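Have a look at the structure below before the remarks.
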Amino acid sequence: MLGLLNSRRMQCVLSAIIHIAGSPQAVSGKLLAQKMNLPHRYLEPDMQSLVQCGILESRRGAGGGYSLARSPQRISLLDILQCLASSDAKADAVEADELQRRILQPGLQQVGADIEAVLANVNLAAWLRQAEEQGLITATRSTPDFCI
């Protein structure tokens, strides 16, 4: 999961989500790709994963596209990372040895938990606000902040 954090892929996904959050209407995948100078279908698998994780909503047809499924304040960097990492998850076929089981795995799990606690406090709203202040996003759509 942490390998994704500073990847080009993650930067593209975050940029797409910020464009979506700043739009008053749904944004098509094609328009996102144009804005970001990417191939038309480059973002599609990740956008669909974000839909499946409940971060984005997708509508087909005229006026369709992607929109946030919840408010930017309720979308953390951890949510996005976990969603993309789960779509990449592969089963590990090699059994761990005793050193890995007793020392490395618990140690790395603790490091992961500490990092997740930090990432859970980084939400989309702060980046959206910065993009608006710097004129990179022109309109912000109001997304209700509630859940049922």
For this session: Output the number of the condition that Leu81 fails; it satisfies all remaining conditions of (1) part of a loop (DSSP other than H, G, I, E, B); (2) within 27 Å of Gly112 (Cα to Cα).
Result: (1)
Seminar exercise, completed: Of (1) surrounded by 13 or more Cβ atoms within 10 Å (Cβ to Cβ); (2) closer than 17 Å to Leu124 by Cα, Pro24 satisfies every one except (1)
Problem set entry | Among residues of the range 111-140, those that are charged (D, E, K, R), without any contact (Cβ under 8 Å) to a residue 12 or more places away in the chain and either surrounded by 13 or more Cβ atoms within 10 Å (Cβ to Cβ) or within 22 Å of Arg70 (Cβ to Cβ) (or both), counted | 1
Exercise. In the range 74-82, is there at least one residue being among the polar types (S, T, N, Q), at pLDDT below 85 and surrounded by 10 or more Cβ atoms within 10 Å (Cβ to Cβ)?
Worked result: no
Problem set entry | Selection status of Arg70, charged (D, E, K, R), out of contact with any His (no Cβ under 6 Å at 6 or more places or on another chain) and assigned to a helix (DSSP H, G or I) | no
Problem set entry | Close pairs (8 angstrom Cβ cut-off, 6 or more residues apart or separate chains): under 20 Å from Glu116 (Cα atoms) in the range 4-23, assigned to a helix (DSSP H, G or I) and small (Gly, Ala, Ser) anywhere | Leu4/Ala85
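Tally up the residues in the range 27-64 that are outside any loop (DSSP other than H, G, I, E, B), touching a helix residue (DSSP H, G or I) at 6+ places or on another chain (Cβ under 7 Å) and either modelled with pLDDT of 90 or more or over 23 Å from Ala125 (Cβ atoms) (or both), please.
The total comes to 11.
The values are calculated or read from the model by the stated rules, or taken from the named source; none is laboratory data. Just so we're clear, the structure is a prediction, and the values are computed from it rather than from any experiment. Every residue, glycine among them, receives a Cβ derived from its backbone with ideal geometry; neighbour counts consider all protein chains shown.
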